[in-house]
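Please treat every number below as a calculation from the coordinates, not as lab data. Fair warning: this is a prediction, and the values are worked out from it, not measured in the lab. Cβ placement follows ideal geometry from the backbone for every residue including glycine, while neighbour counts extend to all protein chains displayed.
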Amino acid sequence: MGLNQGYIHREQSGATAAGRTLLAHLAARHPLAGPDLWRTRILEGLVRLDGAPALPDAILRAGQWITWARPPWVEPEVPLATAVLYEDEDLLAVAKPSGLPTLPGGGEFLEHTLLTLVRRRAPEASPMHRLGRGTSGLVLFARTAAARGPLQAAFQDGRTRKVYRALCQGHPAQDAFEIATPIGAVPYGPLGTLHAATPDGRPSLSRVAVLERRTDASLLDVEILTGRPHQIRIHLASTGHPLVGDPLYGPGGGPLPGTEALPGDPGYLLHAHRLELIHPRTGTPLTLECQPPPELRVLDFSEKKSGSGGDRRS
């Protein structure tokens, strides 16, 4: 796998940075790199302050521009394929595979992202929402500025309907229920903080319907009425039914004991199945769907009735 093109990062120091050293500021804002790596980058001339080389102990003022060049690197291998689900002059909906990041981030991914793949087809496209790296399914892009504004407002105001397919551990007591566990930041060693279930978190609401009860797991449809980070993973875990294969969230809605997993680590089974919205130009209702992977499909009625072919999915 070849090198990517590298990246020039640019940010402006705020009031909280004033009086801190350049090294302390960068190490605090981007802790995954660590102070030793930041010191090396600064001494190698890869970091500039207002366009000029700087030293690690340079004292910052508010409003200064900090740039650094990251040399090209080999990105982790991910599924680099997608499929178009819907397309017109305003919108583009595509299927994201599990394992592919939606956007650059995490210090690892720049070109191995859904955004890069989509912009090869539609350079003007902008994502209206994002899915976690381990989540598969439908992602909607706006192709014009005229469509982008109304869509952003619709997502922010709750005028879209988002339904996910999930496989959770165990069997919920009810076939249909709501989860209103608050979600907020909690301490977490590998990252400093992590979104999780916490009493002083932000109000959050999910609606759950059990589609199928398997031997030790349940297939669910989950509609999210708020858009908190990792909401479905946290909410189901908070009820004692974490997603099958989730390496991070355990019963109670917090990190599993002893785990050092990151939110982007794959393994869990979650799929963005359906999105309902009003078309930003025509004003007509639009329902978009992405077929779930085999593990997240409901068995055929004929299979349930006969009891045969239990491993085959419709």
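Taking a Cβ cut-off of under 15 Å around Ala69, the surrounding Lys, Arg, Asp and Glu residues balance to a net charge of +2, with basic ones at +1 and acidic ones at -1.
Applying D = kT/(6 pi eta Rh) to the range 38-164, where Rh is the Kirkwood radius over alpha-carbon pairs, T corresponds to 4 °C and eta to 1.567 mPa s, the Stokes-Einstein value obtained is 75 µm²/s.
Among 279-289, 59-69, 136-146, how do they line up by average Cβ neighbours within 10 Å per residue, starting with the highest?
On the way: 279-289: 13.0, 59-69: 15.5, 136-146: 20.8.
Going from most to least packed, we get 136-146, 59-69, 279-289.
Ranked from largest, the principal axis spans of the Cα set of the range 7-70 equal 25, 21, 19 Å.
At a 10 angstrom cut-off on C-beta neighbours, averaged per residue, how do the peptides 151-158, 176-183, 95-102 rank from highest to lowest?
On the way: 151-158: 14.0, 176-183: 16.2, 95-102: 21.0.
The densest-packed peptide leads the list: 95-102, 176-183, 151-158.
A full extension of the chain between Ala154 and His9 corresponds to an added length of 49.1 nm, given 0.36 nm per residue minus the alpha carbon distance. Take the Cβ atoms of Thr67 and Thr193, set R0 to 35 Å, and the FRET efficiency comes out at 0.85.
Just how large is the dipole of the range 83-296 about the Cα centre, in debye to the nearest 20, putting +1 at every Lys and Arg Cβ and -1 at every Asp and Glu Cβ? List each step's numbers first, then the result.
Working: 20 positive and 21 negative charges, 66 e Å.
Dipole magnitude for the range 83-296 comes out near 320 debye.
Computed over all pairs of different Cα atoms, the Kirkwood value for the hydrodynamic radius of the range 136-239 is 15.3 Å.
Ranking request for peptides 27-36, 161-170: highest mean number of other beta-carbon atoms within 10 Å first, then the rest in descending order.
On the way: 27-36: 13.9, 161-170: 21.4.
The peptides rank, most packed first, as 161-170, 27-36.
When you restrict to C-alpha pairs under 8 Å that are six or more residues apart and normalise by the size of the range 83-296, the relative contact order lands at 21 percent. Based on Cα contacts under 8 Å between residues 6+ apart, the range 69-122 shows a relative contact order of 32 percent. Along the range 272-278 the Karplus relation, 6.51 cos²θ - 1.76 cosθ + 1.60 evaluated at θ = phi - 60°, assigns HN-Hα couplings of 6, 8, 9, 9, 10, 7, 9 Hz to successive residues, with x for each Gly and Pro.
On the basis of the beta-carbon distance and an R0 of 51 Å, Arg214 and Val74 show a calculated FRET efficiency of 0.85. Converting phi to 3J(HN,Hα) with the Karplus coefficients 6.51, -1.76 and 1.60 and the offset θ = phi - 60°, the range 89-99 yields 5, 9, 10, 9, 10, 10, 9, 9, x, 4, x Hz in sequence order, with x at every glycine or proline.
Given the options Tyr249, Thr226, Leu91, identify the residue whose Cα lies farthest towards the positive end of the charge dipole of the chain (+1 on Cβ of Lys, Arg; -1 on Cβ of Asp, Glu). It is Leu91, whose Cα lies furthest towards the positive end.
The H on the amide N of Leu205, modeled in the peptide plane, is under 5 Å from the matching H of Leu225, Thr226, each at least 5 residues off or on a different chain. Ellipsoid semi-axes for the range 83-296, based on the Cα gyration tensor and the rule √(5λ), read 28, 20, 17 Å when sorted largest first.
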